[in-house]
Amino acid sequence: MTPPFIPAIPRESGTEPDVTVILCGSRILIRRESDGSIRLPRRGETVYPWQSGLMLGRIGPLLCGAMEIADESAATGGDWHDLRPALNALPPPERIAAGRARELLIWRKRRRFCGLCGAVTNDSETECARVCAACGAAFFPVLAPAVIVLVKRGDEALLAHNRRFAKPIYGLIAGFVEAGETVEECIRRELYEEVSITAGNFHYFGSQCWPYPNSLMLGFTAEYRSGEITPDGCEIESANWFRRDAMPEIPAPGSIARSLIDAWIDGRI
Ligand SMILES: [Zn+2]
């Protein structure tokens with residue numbers, strides 16, 4: 001069995017790690033196996049400008065690191081892949097490393113200066129934090145929780161087309177937890193705001209790292225209570241109740257939206 005990913009205190013290192021997450025914007029460098037599966041490159045498999053990268057943690061004895069490059073042509077010996085589908089296809093420990101790489105690289109870039117006094121920050125020696133060189137304030141990575149919900153009504157489920165989705169895909173209602181809310185209150189608000197319905201009996205389904213740029217997506221099921229579906233016309237262009245035998249096009253496998261929809265189609269939730 002593959003050992004889990006064990007996070008470490010991120011720190012810059014001049015030593016090339018055993019496994020590297022190489023990112024260029026929202027693309028990731030991967031190696032493709034003969035059976036079609038993908039994995040992160042091992043040391044020596046790719047050629048890229050490792051000068052000072054970020055140490056992330058370990059998979060068993062393998063040290064994992066990350067770095068961002070400005071130009072895809074600066075790395076050779078692998079295939080560039082869109083990060084979202086790659087995250088769904090990587091083996092679990094490497095998926096965690098890749099999600100962590102993306103979140104920490106963006107967080108460190110945005111935390112180069114202290115938000116209190118404006119001085120430069122440095123990596124903490126003892127925890128995953130940036131520490132102000134002048135006033136000592138510590139800044140930790142912040143995760144923004146988001147919810148995604150499959151609402152059931154008898155033998156139907158609520159699916160919606162968000163204007164950000166590729167057409168004609170129908171997915172699920174989702175949104176960020178606002179300051180002050182519980183997760184359950186967020187689900188109620190999102191359903192009311194986006195499609196004007198109410199629902200209850202929320203059950204946790206599972207979660208997914210959502211590093212765009214720093215979220216954790218929490219999946220739930222819910223049962224319809226009241227209201228006529230009325231898309232907000234802003235985020236949601238159209239929404240409807242669908243039966244299992246008359247489904248629209250749905251999100252690709254690997255996303256938590258698809259896992260929820262598949263579980264409902266199979267009668268598991
Ligand atoms: Zn400061």
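Among the residues of segment 99-111, is there at least one that is assigned by TED's automatic domain parsing to the domain that holds residue 193, away from the ligand (no atom under 16 Å from the Cβ), aliphatic (A, V, I, L, M) and surrounded by fewer than 21 Cβ atoms within 10 Å (Cβ to Cβ)?
Scanning segment 99-111, I find no residue that is assigned by TED's automatic domain parsing to the domain that holds residue 193, away from the ligand (no atom under 16 Å from the Cβ), aliphatic (A, V, I, L, M) and surrounded by fewer than 21 Cβ atoms within 10 Å (Cβ to Cβ), so the answer is no.
One line per residue, one yes/no per condition, for (1) free of Cβ contacts under 8 Å to residues at least 12 places away in the same chain; (2) in contact with a strand residue (DSSP E or B) (Cβ under 8 Å, 6 or more places away or on another chain); (3) more than 16 Å from residue 103 (Cβ to Cβ); (4) among the hydroxyl-bearing types (Ser, Thr, Tyr):
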| position | (1), (2), (3), (4) |
| --- | --- |
| 1 | yes, no, yes, no |
| 19 | no, yes, yes, no |
| 29 | no, yes, yes, no |
| 34 | yes, no, yes, yes |
| 41 | no, yes, yes, no |
| 59 | no, yes, yes, no |
| 66 | no, yes, no, no |
| 69 | no, yes, yes, no |
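Mind checking whether some residue in segment 149-159 is assigned to a loop (DSSP other than H, G, I, E, B) and either closer than 17 Å to residue 12 by Cα or among the polar types (S, T, N, Q) (or both)?
There is no residue in segment 149-159 that is assigned to a loop (DSSP other than H, G, I, E, B) and either closer than 17 Å to residue 12 by Cα or among the polar types (S, T, N, Q) (or both).
Count, please, the residues in segment 127-144 that happen to be in contact with a Cys (Cβ under 7 Å, 6 or more places away or on another chain) and more than 7 Å from the ligand (Cβ to nearest atom).
Final tally of qualifying residues: 2.
I need a count of the residues in segment 250-265 that are among the small types (Gly, Ala, Ser) and under 16 Å from residue 216 (Cα atoms).
The total comes to 4.
The values are calculated or read from the model by the stated rules, or taken from the named source; none is laboratory data. All figures in this text were calculated on a predicted structure; none of them were measured in a lab. Neighbour counts are summed over all protein chains in view; Cβ atoms, including those assigned to glycine, are modelled from backbone coordinates with ideal geometry.
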